[in-house]
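The values are calculated or read from the model by the stated rules, or taken from the named source; none is laboratory data. Please read all numbers here as calculations on a predicted model, not as lab measurements. Neighbour counts are summed over all protein chains in view; Cβ atoms, including those assigned to glycine, are modelled from backbone coordinates with ideal geometry. Areas reflect the complete protein model, heavy atoms only, side chains present, ligands, DNA and RNA absent. Shrake-Rupley method; radii C 1.70, N 1.55, O 1.52, S 1.80 Å.
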Amino acid sequence: MEKLVSLAKRRGFVFQSSEIYGGTGSVWDYGPLGIELKRNVKERWWSRMVHQRDDVEGLDASILMHPRVWEASGHVEGFTDPLVECKVCKKRFRQDQLSTQACGKKPSKTPGETEECELGEPRLFNLMFKTFMGPVEDAAHVVYLRPETAQGSYVNFLNVQTSSRQKIPFGVAQIGKAFRNEITPGNFIFRTREFEQAEMQFFVKPGSDDEWFEYWREERMAWHRSLGIREENLRFHEHGPGELAHYAKKAMDIEYHFPFGWKELEGIHNRTDFDLGRHQEYSGKRLEYIDSGAGERFLPYVVETAVGVDRTVLVLLTDAYHEEEVEGEERVVLRLHPTVAPLKAAIFPLVKKDGLPEIARGLMDELRRAAIPAFYDESGSIGRRYRRQDEAGTPWCITVDGQTAEDGTVTVRDRDSLEQVRVDASQVKGWIRERLEVE
Ligand code: GAP
């Protein structure tokens, strides 16, 4: 993880937030390469979950919602973690994670000895961030920063259904920020207090929910695999009765084998009619779906898929990171799937003369105009230029050399196999596009 965090900073993937002030431990900023990677993850999710289907609609609900939403959803009452504080070291822990947390002991005043942590009584700590709507800061004006995007889809369920004329089963997809005042954030961008979620709520007829749950968990696992994440690092974990969230009848995580162990990457939940039922009760508005063909009305059940965008970025970086030896030299390479790689191509003139820089820049402009992110580099030896792009995860390095002036071809070097092929410069755009197509 240390190497990854250092690479992420050095190459402009992720920076600590407010670093010049000493940083805010649990929030991070995405740099020039990181934002491209993150945007590509969201694009791959939206494409598969919305654009490639006719039964899922998109939505962008606001972060601030009516405070009753969070009473109805159960978050005001139940979105809590048990917090314990140590009287010796003053650190705070989640009581349910004590065995995995560090601290425990601190040096005593007597040299060579340590003092045991002395934990106080646990108290329930609500993870929602609170603020005030308008200029008056009193209880009547409290609003929350949403801890999940899902509720925006529930309160808009009928708006989306009637405006899009969807019939059940259908889904509502959203990507957006969520906030949780986590007691123990950490492990880089794994657990933070501000993060992005990509969630989809699939509304189904009660009775068909088990079948849809199976469908969505397989579908979501297939998406992770399609990003090139190694099969052996992914697995399912079904929640036992003690692990289930207050809204879930059944839940299954897709877990990834992080350097710090197997941990949740995505959650698939059968939320039954819990949320719609509660919103119906708290708002006094009927939220039933009317099936005019069958002459019936009912509250749909919901199968939810919920993945963290930042967590997916961490998985992609972790899975892609490799150190290896090439021709007696060590190289660090990010073997990112080309569709998520921030840059698709780097263009190098072999030497800074004989008109090669002009040809190389012309090729870069052509790729950029075709919306293929490309980078021009003429400084340093070819070997050093390759290494810089290997660390950035750029799949193809294209060199313009003496032969280009003669026959119009360039060398394309593959980041992973290191194979080099000659491609006609006029064909490079199509050659790259072909390789970026998603099955
Ligand atoms: N709507 C359901 C829901 O929010 P969740 O399992 O609490 O379910 C879904 O969250 C996903 O959001 C997680 O699998 C994880 O990828 C991401 N996530 C949750 N809390 C996070 C945090 N503090 N930091 C980063 N990502 C987080």
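Distance between the pseudo-spin-label points of GLN97 and SER226 (7 Å out from Cα toward the beta carbon): 3.1 nm. Rounded to the nearest Hz, the phi-derived 3J(HN,Hα) couplings of the range 251-261 under the Karplus curve 6.51 cos²θ - 1.76 cosθ + 1.60 (θ = phi - 60°) are 8, 9, 9, 9, 9, 10, 8, 6, x, 9, x, where x marks glycine and proline. Given their separation in residues at 0.36 nm each and the Cα-Cα distance between them, MET133 and ALA294 gain 53.5 nm when the chain is fully extended.
At most 14 other Cβ atoms within 10 Å and a DSSP loop assignment: could you name the trypsin sites (Lys or Arg not before Pro) in the range 353-439 that fit?
Details: sites: LYS353, ARG361, ARG368, ARG369, ARG384, ARG385, ARG387, ARG388, ARG413, ARG415, ARG422, LYS429, ARG433, ARG435; in loops: LYS353, ARG415.
Here the trypsin sites (Lys or Arg not before Pro) that fit, given the DSSP loop and packing criteria, are LYS353.
Counting Lys +1, Arg +1, Asp -1, Glu -1, what net charge surrounds LYS177 among other residues with beta carbon under 9 Å of its beta carbon? Computed value for this residue: -1.
Each of LYS38, LYS90 has its accessible area taken with a 1.4 Å probe; listed largest first, they run LYS90, LYS38. Using θ = phi - 60° in the Karplus curve 6.51 cos²θ - 1.76 cosθ + 1.60, the 3J(HN,Hα) couplings for the range 84-90 round to 10, 10, 8, 6, 8, 9, 6 Hz; x is entered for Gly and Pro.
In terms of its C-alpha gyration tensor, the range 203-359 has a prolate overall shape, because the principal axis ratio a/c (a ≥ b ≥ c, square roots of the eigenvalues) is not below 1.5 and a/b outweighs b/c.
Any chance you could run the full-extension gain for ARG68 through GLU238? It's 0.36 nm times the residue separation minus the Cα-Cα distance, nm to one decimal. Spell out each step's value before the answer.
Numbers: separation 170, 0.36 × 170 = 61.20 nm, distance 3.11 nm.
Working it through step by step, the gained length comes to 58.1 nm.
Computed per residue of the chain from DSSP H runs no shorter than four, each worth -39500 (n - 2.57), the mean residue ellipticity at 222 nm is -8500 deg cm²/dmol.
How long is the gain from ASP54 to LYS90 if the chain were fully straight, where each residue apart is worth 0.36 nm and the alpha carbon distance is subtracted? Numbers along the way, then the final one.
Details: separation 36, 0.36 × 36 = 12.96 nm, distance 5.36 nm.
In short, 7.6 nm is gained.
What percentage of the solvent-accessible surface of the range 161-287, computed with a 1.4 Å probe over protein heavy atoms, is contributed by carbon and sulfur atoms? Walk me through the numbers on the way to the answer.
Working: 2420 of 5390 Å².
Of the solvent-accessible surface of the range 161-287, carbon and sulfur hold 45 percent.
The overall shape of the chain is oblate: from the C-alpha gyration tensor, with semi-axes ordered a ≥ b ≥ c, the ratio a/c is 1.5 or greater and a/b is no larger than b/c. Provide the net charge surrounding ALA306, with neighbours chosen by a C-beta distance below 9 Å and charges set as Lys +1, Arg +1, Asp -1, Glu -1. So the environment of ALA306 carries a net charge of -4. How much accessible area per residue does the chain have, counting only protein heavy atoms and a probe of 1.4 Å, in square angstrom? Here the residues of the chain average 49 Å² of exposed surface. The modelled label-to-label distance for the pair GLN403/ASP365, using points 7 Å beyond Cα in the direction of Cβ, is 2.6 nm.
Cα centroids of the range 226-270 and the range 346-362: 48 Å apart. Ligands, DNA and RNA excluded, the heavy atoms of LYS249 present near 100 Å² of accessible surface to a 1.4 Å solvent probe.
Between PHE15 and ARG422, the distance separating the two model label sites (each 7 Å from Cα on the Cα→Cβ line) works out to 4.4 nm.
Of interest is the spacing of the C-alpha centroids, which for the range 1-59 and the range 166-202 amounts to 13 Å. Here the accessible area is traced with a 1.4 Å probe on the protein chains. For the range 343-435, carbon and sulfur cover 49 percent of it.
Computed over the chain with a Gaussian network model linking Cα atoms closer than 10 Å, the most mobile of VAL88, VAL172, VAL307 is VAL88.
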